[in-house]
Amino acid sequence: MVKSLKIGLSGPDLAAILKSVPGRLTPRGPPSYLALDDQETPPSADWLGQMVRGELSSMARWSGDGDPFLSLDKGELVRLKTTQAPDPKAMLSALTSGPTPFELASFASIHPEWAQGSKPYRSRGFGELHYPHGWLCGFRGKGHDQLVSRRWLEFGPWRVLKGSGDTTLVQFHDVAADAATALEQARAGHRLLEILNPDSGFIAADHVMSHDLQGIYDARNQALRIIVHGREVPPGEMRDACAAKKTQPLGPEKPIARVAYVFMEPQAARAHLHALWLRELECWTIEQGNEVRLDKDHRPTPVKPDWVKAVESR
């Protein structure tokens, strides 16, 4: 089953990402078409150098099956299109042999039917110029830091594949499934890794807080302690709490290494325990007049969807 695969790759060194792609994800030889800043130019033997030297953007195309391309948007993203079977293990190998030094990877849908009909499906993704979520997404190295926690990946409704160089691919659906079945499998996972959904475990680099985290700063433990009484803690607030450990809203004099939710009612603490643990937020409560931490002893077992179990048993 050959498909046109569109991939977006971002990271701090886009030139290195660009140069790692040809021969593994696109044809190795010079392209038949090259444009620098929207101006066509003859490709030289150093066509990759030409692309890097473009001021804003560059695009290379090869003639052949599927019209493969490779593009660079300066300061944003490397994008490419290739025609091959959508094989997650083969893709993991292609990205880790070399390797390709990306931090985030997006993969467009392999099912054009998703965008057709009276109610087209429009997924979101990592934002910026990345492709909306389709069949895969990927994290490498510091790219994992844009998650609320690495635990989020282990407990999602998807398949996780790990490779060298601290590389993780998330498979959203069975690539052998028809378009309708694939969409049914992928919907929940897309929502849990997209930029705008407050339930998501993905934190954008330019994340904007939507909740005022009222807490007590514990300088000794570099902890923000949030007292909870008579209310629910929504997922969006939890994501903001995770973002606070990255964005440091209290400034350099009050670094936040930990965020602890302290529930006055033990029942409420246990109701929030798993959600907080997934995000590596501490869960405390009051029992017999003493503060007790619950998340340290929380040891849940991941439960995978049936389609993941079927794929992994093949």
Relative contact order (%) - criterion: Cα under 8 Å, at least six apart; region: the range 125-172 | 41
Bridge orientation stat for the chain from DSSP, antiparallel percent rounded to 5, came to 80
Most mobile of Glu194, Glu103, Glu55 per a Gaussian network model of the chain (Cα springs, under 10 Å)?
-> Glu55
Rounded to the nearest whole Å³, what is the per residue volume of the convex hull around the Cα atoms of the range 205-314?
-> 150
Quick shape summary for the range 217-268, equivalent ellipsoid via Cα gyration tensor, semi-axes whole Å in descending order, reads 22, 13, 7
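If you count only protein heavy atoms with a 1.4 Å probe, what accessible area per residue comes out for the chain, rounded to a whole Å²?
Accessible surface, normalised per residue, equals 48 Å².
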So how compact is the range 259-314: Cα radius of gyration and Dmax in angstrom?
-> 15.5, 53
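Relative contact order for the chain: what is it in percent, counting Cα pairs under 8 Å that are at least 6 residues apart?
13
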Intensity falloff of the chain expressed as log10 I(q)/I(0), Debye formula with alpha-carbon point scatterers, at q = 0.07, 0.09, 0.13 Å⁻¹ | -0.34, -0.54, -0.98
Residue with peak Gaussian network fluctuation, the chain [Cα springs, cutoff 10 Å], from Pro157, Pro88, Pro99 = Pro99
With the full set of protein chains in place, find how many percent of the accessible area of the range 261-314 is carbon and sulfur; take the probe as 1.4 Å.
-> 51
Virtual spin-label span in nm between Ser313 and Leu56, 7 Å along Cα→Cβ | 5.4
Dipole magnitude of the chain, debye to nearest 20 (Cβ charges: Lys/Arg +1, Asp/Glu -1, about Cα centre) = 620
Whole-Å semi-axes of the range 16-161's equivalent ellipsoid, largest first, each the root of 5 times a Cα gyration tensor eigenvalue?
-> 28, 19, 15
Cα convex hull of the range 172-217, projected area averaged across orientations, nm² = 4.7
Note: probe point = Cα of Leu129 + 7 Å toward Cβ; backbone nitrogen < 14 Å; residues of the range 45-72 passing the test are 51-60, 70-72
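Run through the DSSP bridge list for the range 12-159 and note the antiparallel percent, rounded to the nearest 5.
95
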Return the calculated 222 nm mean residue ellipticity for the chain, to the nearest 500 deg cm²/dmol, obtained by summing -39500 (n - 2.57) across DSSP H runs with n ≥ 4 and dividing by the residue count.
-> -6500 deg cm²/dmol
May I ask you to derive the FRET efficiency for Leu250 and Lys74 from their Cβ-Cβ distance with R0 = 41 Å, giving the value to the nearest 0.05?
-> 0.75
A 1.4 Å probe over the protein heavy atoms gives the range 119-164 a carbon and sulfur accessible-area percentage of 46
Whenever you get a sec, compute what percent of the accessible area on the range 180-258 sits on carbon and sulfur atoms (1.4 Å probe).
-> 53
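Under DSSP H, which helices of the chain have Cα atoms covering 27 Å or more of the helix axis and a Kyte-Doolittle average no less than 0.5?
Sorted by number, there is nothing, because no helix extends far enough and scores high enough.
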With the calculation restricted to Cα positions, what are the radius of gyration and Dmax of the range 161-254 in angstrom?
-> 17.8, 55
Cα gyration tensor shape for the range 106-188, rounded if a/c is under 1.5, else prolate or oblate = prolate
Compute the label zone of His298 within the range 250-286: residues whose backbone N is under 13 Å from the point 7 Å along Cα-to-Cβ.
-> 259-263, 268-285
Inter-centroid distance (Cα atoms) of the range 258-314 relative to the range 15-93, Å | 44
Pick out which of Arg299, Arg124, Arg239 has the largest mean-square fluctuation in a Gaussian network model of the chain, springs linking Cα atoms closer than 10 Å.
-> Arg299
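The values are calculated or read from the model by the stated rules, or taken from the named source; none is laboratory data. Keep in mind the model is a prediction, meaning the values are calculated, not measured. Virtual Cβ from ideal backbone geometry, glycine too; neighbours counted across all protein chains shown. Calculation scope for accessible area: heavy atoms of the full protein, side chains included, ligands and nucleic acids excluded. Shrake-Rupley method; radii C 1.70, N 1.55, O 1.52, S 1.80 Å.
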